Amino acid sequence: MTPVTRQEVIGLYRKILRIAKKWQSASGRTEETLTEKEYIKNEAKTLFRKNKHVTDPELIKQCIEECEARIEIGLHYNIPYPRPIHLPPMGLAHKQGRTLRHQEKLRKISKPIYLKSHDDVS
């Protein structure tokens, strides 16, 4: 990892911790706010530790983009949890000659960037 990339990653981690410190839940209830703050810190810690041995520059770039997307979406919607996507089970391709395996592959490809690591951790 280059020094510039390292600084960018550390900056993102600090940004997430600052967001968690200032976080207020949408409902304004104290117990929900504490739960969401804890979730933000634990999710960041888990994902950053999981990816600390990544050395491929392209994969590092993807992780950074995912992190930035999750931060922006979380701040915009005031929800720290990843927003789920809803795709019909066989709705991505025509049924003629398409197998379930092909459908699963299309679903994986069509997953938004902010959900790439969510299924791996959760």
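The values are calculated or read from the model by the stated rules, or taken from the named source; none is laboratory data. Please read all numbers here as calculations on a predicted model, not as lab measurements. Cβ coordinates were reconstructed from backbone atoms using ideal geometry, including for glycine residues, and neighbour counts include every protein chain displayed.
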query = Within the bounds of segment 78-94, is there any residue that is at pLDDT 80 or above and at positive phi?
reply = yes
request  = Count, please, the residues in segment 36-65 that happen to be more than 17 Å from GLN7 (Cα to Cα), surrounded by 14 or more Cβ atoms within 10 Å (Cβ to Cβ) and free of Cβ contacts under 8 Å to residues at least 60 places away in the same chain.
outcome  = 5
